[in-house]
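Notes for the one structure printed next.
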């Protein structure tokens, strides 16, 4: 992976993003249709998941935040959860590292931009494996810590990244344990970039069924999801043009431009 720095971390008061973690405001703005850029981004982030989900499947989203997945996932048996008590959630105060759901409960689990917030990813993989049915899928949308994303993180002083941590450790957290809004954007790269290392650590739990590196300026000009910043409003035509530019740049130069990653893991 190309790195500007191996490690950088910011304090909450240094964050140049606004409305960090303002879940109710996110839901309100989405319902008011105030940001078409964001709706286009979220459609890109969730709609691809539908081809891995059957109509009869029972699903769970962990770390759902505002729960906007329900706007794009066609399956009607999706339940949303988070480590909070917001009223829109189907399940409240759910720690994705220890959910307390019964074994073999779900056909699929969605984790959208939340793995890099988890202190101990190995606990998360063990727990999702436990509550998934045989052959069930863990469907992940995550950050891809390219040069562009690293520059944006440094510029916005948001969350940070640390390529020196061990994502497979059960003793040393990869991000802050007591602050769910802090994150380490390097974690998905540390987990998924080295396939042999992935298979060595959790190949007995999961096999990679799908992977795609994508997303750049559609994300950077979205205004943000749970943290907001400046964006230029665009109509659908220009969003599609921007999307085509993203596809071209991220296909040829993923380590420079890509900011997102799709991963589907199938339970062994």
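For residue 12 and residue 88, FRET efficiency with R0 = 35 Å and r from the beta-carbon atoms, rounded to 0.05?
0.90
Please compute the contact order of the stretch 7-267 in relative form: average sequence separation of alpha-carbon pairs under 8 Å and at least six residues apart, divided by the residue count, as a percent.
After rounding, I find 25 percent.
Can you give the FRET efficiency for residue 27 and residue 196, using 1/(1 + (r/R0)^6), R0 = 41 Å, r = Cβ-Cβ distance, to the nearest 0.05?
About 0.50, to the nearest 0.05.
Among 90-99, 128-137, how do they line up from the highest to the lowest mean number of other beta-carbon atoms within 10 Å?
Going by the mean number of other Cβ atoms within 10 Å, highest first, we get 128-137, 90-99.
Any idea how far apart residue 51 and residue 171 come out in nm if each label point goes 7 Å out from Cα toward Cβ?
Roughly 4.4 nm, to one decimal.
Can you figure out the FRET efficiency of residue 3 with residue 134, using R₀ = 35 Å and their beta-carbon distance, to the nearest 0.05?
After rounding, the FRET efficiency stands at 0.35.
Could you list the residues of the stretch 60-81 with an amide nitrogen less than 14 Å from a label point located 7 Å from the Cα of residue 105 in the Cα-to-C-beta direction?
Backbone N within reach: 60-63, 78-81.
Within the stretch 205-224, whose backbone N sits under 19 Å from a point 7 Å along Cα→Cβ of residue 36?
What the label zone holds, given the 19 Å backbone N cut-off, is 217-224.
What number, rounded to the nearest 500 deg cm²/dmol, is the helix-based mean residue ellipticity at 222 nm of the chain, given -39500 (n - 2.57) per DSSP H run of at least four residues and division by all its residues?
After summing the helix terms and dividing by residue count, I get -8500 deg cm²/dmol.
Over the residues of the stretch 165-224, compute the C-alpha Rg and express it relative to 2.2 N^0.38 Å.
That works out to 1.38 for the stretch 165-224.
Taking every DSSP beta bridge with both residues inside the stretch 7-267, roughly what % is antiparallel (nearest 5)?
Roughly 60 percent of the DSSP beta bridges within the stretch 7-267 come out antiparallel.
The numbers here are math on the coordinates, done by the rules we state, and not lab data. Computed from a prediction, not measured in an experiment: that's the story for all the values here. Note: ideal-geometry Cβ built from the backbone for every residue, glycine included; neighbour counts use all protein chains shown.
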